[in-house]
Each structure stands twice: as structure tokens, then as C-alpha cells.
1. Among the residues of region 235-254, is there at least one that is touching a residue at least 60 places away in the same chain (Cβ under 8 Å) and of a type in the set (Phe, Trp, Tyr)?
2. What do you reckon, is ARG78 in contact (Cβ under 8 Å) with a residue 12 or more places away in the chain and either within 16 Å of the ligand (Cβ to nearest atom) or part of a helix (DSSP H, G or I) (or both)?
3. Answer yes or no: is there a residue in region 96-108 that is part of a strand (DSSP E or B) and either without any contact (Cβ under 8 Å) to a residue 60 or more places away in the chain or within 22 Å of the chain's Cα centre (by Cα) (or both).
4. Within region 71-81, which residues are of a type outside the set (Gly, Ala, Ser) and surrounded by fewer than 21 Cβ atoms within 10 Å (Cβ to Cβ)?
5. Quick one: MET237 ticks every box in (1) farther than 20 Å from ALA171 by Cβ; (2) within 16 Å of the chain's Cα centre (by Cα) except a single one, so which number is it?
6. Among the residues of region 154-167, is any open to solvent by 40 Å² or more (accessible area, probe 1.4 Å), within 13 Å of the ligand (Cβ to nearest atom) and within 30 Å of ALA33 (Cα to Cα)?
7. If only one of LEU133, LEU172 is over 25 Å from ALA52 (Cβ atoms) and touching a strand residue (DSSP E or B) at 6+ places or on another chain (Cβ under 8 Å), which one is it?
8. Scanning region 240-265 for residues that are buried (at least 16 other Cβ atoms within 10 Å of the Cβ) and assigned to a loop (DSSP other than H, G, I, E, B), which turns out nearest to the chain's Cα centre (by Cα)?
Amino acid sequence: MEELLDPGLGQVRVFLRHDDNKPRKLRYNLGHARLLTFGGAYSNHIRAVAEAGARHGIETIGVIRGEEHLPLNPSLARAAACGMTLTYLDRASYRRKHTEELQAELRARWGEDVVILPEGGSNAAAVRGCAELPGEIDGDIDGDYDVICCPVGTGGTLAGLSAGLAAGRRALGFAVLKGGGFLREEVARLQREAYGRTWPNWSIELGYHFGGYARSTPALDAFVERHPVERIYVAKMLYGIVDLARRGVLAPGTRVVAVVTGQPSTPVDACGAPTGFDSGEPR
Ligand SMILES: *Cc1c(COP(=O)(O)O)cnc(C)c1O
């Protein structure tokens, strides 16, 4: 497995496991005819739902925060090219998106049979999908590891990694948004929803948000110069791991697997078939 090399790590070793978590979170959410979900205009989750819908013949509806802006940005253009129906919700209503009241309005408009996935895709099925990753890593890494790390947006990935981990290992998440304290309760809630129990093997670092979601600082920019990785999630986690190693919070000799959930952004062909799209026929 590829290794992160940084002088700050000292005797801590960090192995990089590339894994696109959004399709993994959707895997057990695809047994439905119609899916409706939410996201911002650049949401990875919206794109992943649109692509999975095209691949599996599922009708998808994307409820986007804010106003429509034309032409569509490359992310939404790709979702539309995959056949997703895009609709927009003003910011005040969007904040109420997970309330029963707003969901009833959406069902009235889009049909009672529509299955609603939360923003970011974190539900019980997503947690179960992510719980499969630790088992896939064993054998891929030469020797044992102690800690598995991931970035945390809505908490589903961390909830699943923790649940799927062998005894004696721990899972460490890095919140990418400011004020992420609520995520501690949210990860526990997701584990209870998926398995009826929680695990004591995980924790979340709240001090590496760099100003908030999609924000950055000169220190984080300098880190990305040295390690060209996806900025919104992956860079914050890797920076945090190096910092915890430097401070001795991750003890010398600790072996870490860092789940690299995203790639540095590349221009997408908004009209053509998306890369990795196997049917070749967006619907
Ligand atoms: C959504 C996302 C995450 C966060 O996953 P959650 O399950 O929402 O915590 C991490 N990395 C990338 C690249 C993502 O798109």
C-alpha cells in the first residue's frame, strides 16, 4: 500500500488506502425504483447518486440547496447527464429538509413511493456498506495496523469503519466542518440505527477544520503543495495525522491506515459519459 512520507511523522507510519466512500455508502441503498436526495451545488453525494442511478436503472431526483444557476456547474451537469432530475430549494426550506413536514411536501410533489436519502447519504444502509472496508484492507497491508483514519462530513463513513474493525484497533475521524461537536452524537446514532448498538473504539478530532467546510488556511495550502490530495476532506485528515504524530498523540511506532476518500479534482466532461461509467448510456 502506498505510504505517506512526511518528516513530521517521525516513527509513525501512514498507509494510504484509496476508497471512494460515496458509492460504497450507496451500495445497499440501490434496491429502490426512485431515490430522492439533497446536496449543495458541488456535492459529491449528488453526483454519486446520479451515477449509481444511471448504472442501476433507478430514477433519481436531486434537491439542490439555493437557486438554480445556468449554465449548470460541471458537477450538476454531470448529474443531469446521468438522468437525474434537478430541483432547487431555498436556503430556509433546505435547512428543514430532514423534517417530516418538508419530506411530506416532497412526497406530495415527487410521489409517495420515492425513497428519501439524507444529505451526504448517511443512513443505516450506508453504515453497513462502509463497515465492509476494514475487512477488505486486511491482506492488502504488509503487517498489522493500529488505527484507521477517515475524514468526517456527516459521520456515516466513520460509523461504519468503527463497526467493521477487528478488536484491538481504533477508528479516528477528522471533522472537516467547524462546530462538529454534534458529530459525536450523530456517529453513535448512526451505529444504533444500523446495528442497535454503539462501539467504544472510535473518536473524532474537531481541531482540523481550517475555518470550516471547504475553507482553507495558508498552512493547509502549504501542506497541499507538498502532498497534492483532494482538499476539502483528504488534506485535512492527512494534515491532522501528521500533526498528531508530531505532538506524540499518535505514539512512535503506531501504524495508521488513512482512507483516501477523494481525488484531486479533475475537469469533467459534462456532456459525455462520465469516467468509470460502465453502461455508456446515461439516461
Ligand atoms: C462525503 C465525503 C466524506 C465524508 O463522509 P461522511 O460519511 O459524510 O462523513 C469524506 N471524503 C469525501 C471525499 C467525501 O466526498
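The values are calculated or read from the model by the stated rules, or taken from the named source; none is laboratory data. Model, not experiment: these values are computed from the prediction. Here the Cβ is made from the backbone with ideal geometry for all residues, glycine too, and neighbour counts use every protein chain on show. Side chains are part of the model used for accessible areas, which takes the heavy atoms of the whole protein and leaves out ligands, DNA and RNA. Shrake-Rupley method; radii C 1.70, N 1.55, O 1.52, S 1.80 Å.
1. No, that holds for no residue.
2. Numbers: in contact (Cβ under 8 Å) with a residue 12 or more places away in the chain: yes; either within 16 Å of the ligand (Cβ to nearest atom) or part of a helix (DSSP H, G or I) (or both): yes.
Yes, satisfied.
3. no
4. Here is the first cut: in region 71-81, the ones of a type outside the set (Gly, Ala, Ser) are 71-74, 76, 78.
Those that are of a type outside the set (Gly, Ala, Ser) and surrounded by fewer than 21 Cβ atoms within 10 Å (Cβ to Cβ): PRO71, LEU72, ASN73, PRO74.
5. (1)
6. Step one: list which residues in region 154-167 are open to solvent by 40 Å² or more (accessible area, probe 1.4 Å), which gives 154, 166-167.
From what is left, the residues that are within 13 Å of the ligand (Cβ to nearest atom) are 154.
From the residues that got through so far, the ones that are within 30 Å of ALA33 (Cα to Cα) too are 154.
Yes, because at least one residue in region 154-167 is open to solvent by 40 Å² or more (accessible area, probe 1.4 Å), within 13 Å of the ligand (Cβ to nearest atom) and within 30 Å of ALA33 (Cα to Cα).
7. LEU172
8. THR261
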